[in-house]
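Okay, structure first, notes after.
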């Protein structure tokens with residue numbers, strides 16, 4: 001019983017920290033996908049704290065890699081996402097938002113129109129990061145590539161950050 005109480009205390013303290021500062025993308029992804037369980041196995045054979053699909057693991061992991069080791073599974077997850085994000089950037093002429101990052105991780109084929117389940121999880125991911133999901137995600141609208149005019153206007157630009165002190 002002491003272990004459960006200690007565990008609950010750690011979770012509550014961790015959650016409080018998340019509320020104040022937010023999390024880094026990879027920490028949030030591991031938390032959402034497996035609860036940071038390095039031994040997690042998904043229903044479709046996903047492995048590691050990041051729940052990497054077997055075909056992705058085999059594509060990016062060296063033969064000696066151990067998916068139960070966070071230090072070894074993180075670079076594999078990052079390599080897969082580098083390719084997915086690069087493809088997204090070629091298509092949409094911008095970096096993915098946090099919402100889109102999660103969709104690219106969990107269901108890349110749904111990037112234009114995520115299912116309700118994937119969108120709900122992507123919003124939870126954004127909550128862990130304390131970032132705003134994009135407007136299309138909130139309205140369940142499809143994500144569309146920019147026009148040539150929009151692409152030219154936004155190439156190399158960063159989103160503007162507005163802070164409100166109410």
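The values are calculated or read from the model by the stated rules, or taken from the named source; none is laboratory data. The structure displayed is predicted, hence computed values, not measured ones. For neighbour counting, all protein chains shown are included, and Cβ atoms are generated from backbone atoms with ideal geometry for every residue, glycine included.
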Counted residues in region 21-56 being in a helix (DSSP H, G or I) and over 14 Å from the mean Cα position of the chain (by Cα) come to 4
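Taking the conditions exactly as written (modelled with pLDDT of 95 or more, farther than 24 Å from residue 56 by Cα and surrounded by 15 or more Cβ atoms within 10 Å (Cβ to Cβ)), does residue 121 satisfy them or not? Give the steps one after another, and end with the answer.
Numbers: modelled with pLDDT of 95 or more: yes; farther than 24 Å from residue 56 by Cα: no; surrounded by 15 or more Cβ atoms within 10 Å (Cβ to Cβ): yes.
No.
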Kindly establish whether residue 77 is modelled with pLDDT of 95 or more, in contact with a strand residue (DSSP E or B) (Cβ under 7 Å, 6 or more places away or on another chain) and either closer than 21 Å to residue 104 by Cα or in a loop (DSSP other than H, G, I, E, B) (or both).
yes
Breaking point among (1) modelled with pLDDT of 95 or more; (2) over 27 Å from residue 35 (Cβ atoms), for residue 148:
(1)
Can you pull out the residues in region 23-55 that are closer than 20 Å to residue 117 by Cβ and touching a helix residue (DSSP H, G or I) at 6+ places or on another chain (Cβ under 7 Å)?
28, 29, 31, 32, 40, 45, 50, 51, 52
Being part of a loop (DSSP other than H, G, I, E, B) and in contact (Cβ under 8 Å) with a residue 12 or more places away in the chain is the filter; apply it to region 57-73 and report the residue that is surrounded by the fewest Cβ atoms within 10 Å (Cβ to Cβ).
69
Looking at region 30-56, which of its residues are surrounded by 16 or more Cβ atoms within 10 Å (Cβ to Cβ) and farther than 15 Å from residue 107 by Cα?
30, 31, 34, 38, 40, 47, 48, 49
